[in-house]
Amino acid sequence: MSAQEIFDDAPVGSTVAWSDGTPRPPARFNKKLAAWRTSNSSGRLIRKQGGRGVGNIPRPAYFTLHEADYGAGGGVAIRVHRTFSVKSKLCFAVVERPAVGAVRVFDRAGDDAELVCLATNEADAREWLTRHGYPRAVLEAVTADEVGADAVEGRAVA
């Protein structure tokens, strides 16, 4: 799939993989493997942002994936997000879509909202919110229409 197709069709909360098409180097080549992983990995789709213009310079639409969290003792010290333009030349694939009935927790309402949690149901989402404190959080259920869009449109589900 192209980056534009991910932006258009993948629901927020999906796990998306990306690749530049190069083969994975052997594990013994640490530096080559680390460089390869920057263009070949996966993450959870947490945000879609439409194109904007800054002055006379148009910016294309983009999406953001949450790749990893690093920390110790139950705390997150570093959160790794990757942002891709819809014009990216990388190849993308939807690895997993959110389950019907799951509840997405966004940090706020509106176009700038970012997914902060994907809970299995509303009770779990509300319990998560009591521990993490997002005062302007918005809950949104995953619907069958959204997850089954590829089957309805006649495309194979990735």
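Read-outs: derived from the displayed coordinates by stated rules, not from any lab. The structure displayed is predicted, hence computed values, not measured ones. Note that each Cβ is placed from the backbone with ideal geometry, even for glycine, and that neighbours are counted across all protein chains shown.
Details
- Against the rule of thumb 2.2 N^0.38 Å, how large the Cα Rg of the stretch 1-97 comes out: 1.21
- Distance between the modelled labels on THR143 and ARG131, one decimal in nanometres: 3.0 nm (7 Å Cα→Cβ projection).
- Put in line by how crowded their Cβ is, counting other Cβ atoms within 10 Å and starting with the fewest, TYR134, TYR70 read TYR70, TYR134.
- Candidate aspartates and glutamates - alpha carbon under 18 Å from LYS89, same-chain residues fewer than 8 apart omitted: GLU5, ASP8, ASP9, ASP20
- Here the label points at THR22 and GLU114, each 7 Å from Cα along the C-beta direction, are separated by 2.9 nm in the simple model.
- Cα→Cβ-extended label distance, 7 Å offset, between ARG52 and SER2, nm: 2.4
- Remark: relative contact order (the stretch 14-111) = 31 percent; criterion is Cα-Cα distance under 8 angstrom and separation of 6 or more residues.
- Listed by chain and number, the lysines whose alpha-carbon sits under 24 Å from that of LYS87, ignoring those within fewer than 8 places in the same chain, are LYS48.
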